[in-house]
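Okay, structure first, notes after.
The values are calculated or read from the model by the stated rules, or taken from the named source; none is laboratory data. What you are looking at is a predicted structure, and each value in this text was computed from that prediction instead of being measured. Here Cβ is always computed from backbone atoms with ideal geometry, including for glycine, and neighbour counts include all displayed protein chains. With ligands, DNA and RNA removed, areas are computed over all heavy atoms of the protein, side chains included. Shrake-Rupley method; radii C 1.70, N 1.55, O 1.52, S 1.80 Å.
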Amino acid sequence: MKKSALNLAICAGLFGAASFAAMAQTQENNSEQQENKLETITITAQKRTQSIQEVPISVATISQDRFNAIFSSGDDITALAVKVPGLYAETSNGRAAPRFYIRGLGNTDFDLAASQPVSIIMDEVVMENVILKSFPLFDMQAVEVIRGPQGTLFGRNTTAGIIKFDTVKPRQEFDGYFKSSIGSLGMLNVEGAVGGGLTDELSARLSLMSNHRDDWVSNSFTGDKDVMGGYDEKAGRVQFLYEGAGFDALLNLHSRNYDGTSSLFRANILSPGSNKLNENYDRDSVAYNEGRNNPQSYDAWGGSLKMDFELQNMTLTTISAIEKADGGGIGDIDGGNPTGPDFILFQAVTEDQLKDLEQYTQEIRLASDTRDALSWQVGGFYFDSSFGVNSIDGYFGATEVFHGNTSWALFGQSSYKVDDKLDVTAGIRYTDDEKTFYVGEQNVNGFALVTGDARIQQYDPIKVSDDQISWELSANYRLTPTTSLFARVADGFRAQSIQGRDVAFEKSPSVADSETILSFEVGAKSDLLDNTLRLNGALFYYTIDDIQLSAIGGETQGNQLINANKGVGYGFEIDFDWRATPYFTLGGGFSYNNTELQDDTLAVAYCGALNSSFQPYCTPLDPSAGDNLVFIDGNPFPQAPETILTLNGRYDFPIESGEIYVYADYQLQGETNLFLYESAEFNSDNNFEVGLRVAYINYEHNYEVGFFGRNITDEDNLKGAIDFNNLTGFVNEPRVLGVDFRINFY
């Protein structure tokens, strides 16, 4: 069955089930109808606890049901891709270095030093490095996807938006849970938490997680069976909360240990002139002669201390945090061997090691704590990060580069309640950002040495700095008691970036200037049908001056940072939740993102190698600029899905001892271009996945047992590609089926 036909069938089935369930329940009595209400959702997108319906920002949340279903098979953080309208994620670094995109804006750079315009905030601490962004998700309390630039409260590098995670916090009442699951591919996951009061003022919570999957991918070149694709990941968190008279303190300590497999690159799984997977593709097998079966491992740990001091009509908050990580991985980048599959011009293997990553952050803010019409908060922020990246390749040996980043900021935001219907908000932030870079060990003469087998090169240390003012203005108008309209204009920036990966290939490091964004959005938020239907939507338009781009691969086989004159994006997103009956809920949304690069002089390299007939193996669709370059003016942003559709539904069947429920979710990813240039091969369209869960809940004994499936139709979706050597691609996660058990303690 073709994908489009299957998509129609799935959508028809979901909507048919919704209609049937709604009709079946129209005869429910009044007491049942009284319970048929949506819960109020509170968020902290503006560093205050507010109703999602009152915040003049486009925000989506993920319910506990959806979160548990999405991550039931032990997937990493990239499983959030396409689960929220406007949100996408992908990686070419296994479970270790995710790349996020909101409203089409992200960064395709695969290097361990890459900066991204989507910030990850975990328990109020920014996770800046790509390795820190991949910390596993467990014992979560809330997930918020906040769209659009958030530069006022969350600083530089948030031109696209933020994804905010909050874990379950300690409390005085005893509670906990234990969860285990087993399934296909040798999956065995265990997770649990326990917490409660230690004294009248001190409480604690311990959370632990262990995820395992067997190796399930064979190497047909060596004849080794089931030697790739598995992982072992363990993580833990302990928190202590002190609640005194006028003073609270929360200590958070966490760690992670991960051993697994880097992304599996597959040579020539696309055919010239086509973006469809061909006969060379076999999900269960690759044919590597190098890369040692693509091992990958990382360790990380960190801690934060948040203190709240109650003052007269104010609260003073400080958050001090440290994060550390190291590790690395190796990959057979050409995806094959000298004999194929099909023609491979040369062999390529790369190993990257992250060395001694250290990140320190300090935030202090003072916020009003009254019911007055005027509310406000002011604060300061300090950020310091340093790490090394050691790149080892098959041609030039090992090259180690070092990155440093120091940033500080002052910010303030104020909201004023004009009357019972209108609130207005204004914010401003000043940020000073400095980055440094050098190669190898600096010597007294100020230059550096490329180590290993490479030719000796001299590179002066690089230091770049910038300071910017970010601001926002917004308003929220309550049209009716259940419907509000909002408008927002926001300015933000992503600080300058340095990319030194090309030093390993005897090329100079590259620097991208800061990008600045101006974003406009209007929207509406409504609780309709007697608070059974929540319908939120937003229209947006943004322009980015000096948009930072990563020119990767192609004829140059490099990784160079460049700036385009401008990037433009516009579109809309819709989120909805409908409690059709006390037993049936339906949710989801849709987003449309139109993005365009605007620079009529900017050209990049397209696929660089030649096929066995000495012709380029891909089919570029852009105007030629000569020398194997093409102009990219008018192209969409890379890895920016034009549309995203997501649907989820749950039906409950009450029984005497509890209930049985069926939960299903469906995601459809629209047309997506993989690189800066357009070609017939490197794009995808109509990628979809379906998830299912059937479970029994026993209310008397507080346990749940269920069956789950992720990607239940076992779709093979192209997620990314490598274009400098052959038609190499990598794909989504396979189908996983399993059973799980959870028991809660109170």
**Message:** Need pairs with beta-carbon distance below 6 Å; first residue without any contact (Cβ under 8 Å) to a residue 40 or more places away in the chain and within segment 150-173, second small (Gly, Ala, Ser) and part of a loop (DSSP other than H, G, I, E, B); sequence gap 6+ or separate chains.
**Reply:** none
**Request:** Return a yes/no flag: does segment 298-310 have any residue that is assigned to a loop (DSSP other than H, G, I, E, B) and in contact (Cβ under 8 Å) with a residue 60 or more places away in the chain.
**Result:** no
**Prompt:** With Thr370, Thr315, Thr406 as the choices, which residue is open to solvent by 40 Å² or more (accessible area, probe 1.4 Å), among the hydroxyl-bearing types (Ser, Thr, Tyr), over 26 Å from Asn257 (Cβ atoms) and touching a residue at least 40 places away in the same chain (Cβ under 8 Å)?
**Reply:** Thr370
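Can you name the residue in segment 373-395 that is aromatic (Phe, Trp, Tyr) and assigned to a strand (DSSP E or B) and, of all such residues, is most open to solvent (accessible area, probe 1.4 Å)?
So the first thing to find is which residues in segment 373-395 are aromatic (Phe, Trp, Tyr), and the list is 376, 381-383, 387, 395.
Still in the running and assigned to a strand (DSSP E or B): 376, 381-383, 387.
Details: Trp376: 75, Phe381: 44, Tyr382: 99, Phe383: 2, Phe387: 26 Å².
Residue satisfying both the conditions and the ranking: Tyr382.
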**Request:** Select from segment 250-302 the residues that are within 18 Å of Ile344 (Cβ to Cβ) and of a type in the set (D, E, K, R) and write down the one among them that is modelled with the lowest pLDDT.
**Result:** Glu290
**Request:** Kindly list the number of the only condition in (1) modelled with pLDDT of 95 or more; (2) under 14 Å from the mean Cα position of the chain (by Cα); (3) assigned to a loop (DSSP other than H, G, I, E, B) that fails for Asn93.
**Result:** (1)
**Message:** With the requirement that a residue be open to solvent by less than 50 Å² (accessible area, probe 1.4 Å) and either free of Cβ contacts under 8 Å to residues at least 12 places away in the same chain or in a strand (DSSP E or B) (or both), what does segment 697-720 give you?
**Reply:** Ile697, Asn698, Glu704, Gly706, Phe708, Gly709, Arg710, Leu718, Lys719, Gly720
**Candidate set: segment 251-297, residues that are basic (Lys, Arg) and touching a residue at least 60 places away in the same chain (Cβ under 8 Å); chosen: the one surrounded by the most Cβ atoms within 10 Å (Cβ to Cβ)** = Arg266
**Prompt:** When segment 356-372 is examined, which residues are found to be assigned to a strand (DSSP E or B) and either under 30 Å from Gly336 (Cβ atoms) or among the hydroxyl-bearing types (Ser, Thr, Tyr) (or both)?
**Reply:** Tyr360, Thr361, Ser368
**Prompt:** Which residue out of Gly738, Gly729, Gly691 is touching a residue at least 40 places away in the same chain (Cβ under 8 Å), within 15 Å of Arg266 (Cβ to Cβ) and not in a loop (DSSP other than H, G, I, E, B)?
**Reply:** Gly729
**Asked** In this structure, does Ala142 turn out to be under 23 Å from the mean Cα position of the chain (by Cα), open to solvent by 10 Å² or more (accessible area, probe 1.4 Å) and closer than 29 Å to Ala45 by Cα?
**Response** yes
**Item:** Ser210 being over 30 Å from Lys306 (Cα atoms), under 26 Å from the mean Cα position of the chain (by Cα), open to solvent by 30 Å² or more (accessible area, probe 1.4 Å) and not basic (Lys, Arg)
**Value:** no
**Request:** Counting only residues that are closer than 30 Å to Phe682 by Cα, give me the strands (runs of 3 or more DSSP E) lying completely in segment 189-291 with at least 3 of them.
**Result:** 217-219, 224-228
